[in-house]
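The values are calculated or read from the model by the stated rules, or taken from the named source; none is laboratory data. Computed from a prediction, not measured in an experiment: that's the story for all the values here. Cβ atoms come from the backbone with ideal geometry, glycine included; neighbour counts cover every protein chain shown.
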């Protein structure tokens, strides 16, 4: 877009432009400046997004580690409780089995023909009673 500049003849006969053109700032540096600013903004956004992503990842990693540690501790605690309960139940069951064995032995002794209608436990109890009676008599004599 160039517009012709009117020229006038000066009295001395030389040709000079009538009005001097003032220099306008160039459009190209203005566009380049905006492109640089936009590029810097995009680069800064990408860097900041990466920084935030890294922070969130490390925070999540720490939080996950704490949660795993808590679950593991809870699991260990529950396992120990189950183990203790199992041992307690086994102890109770063992005592019941022993009592049942004694009862079976008692019944076996009663069913046997060799015990002459008494069992070994009854015999032992009666022997203990006799010994106790003898000890009482001895104690009375000593008094």
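On the given criteria, is residue 108 under 29 Å from the mean Cα position of the chain (by Cα) and either surrounded by 10 or more Cβ atoms within 10 Å (Cβ to Cβ) or modelled with pLDDT of 95 or more (or both)? No. For residue 101, only one of the following conditions fails: (1) within 30 Å of residue 124 (Cβ to Cβ); (2) outside any helix (DSSP H, G or I). What is its number? Among (1) within 30 Å of residue 124 (Cβ to Cβ); (2) outside any helix (DSSP H, G or I), the lone unmet condition for residue 101 is (2).
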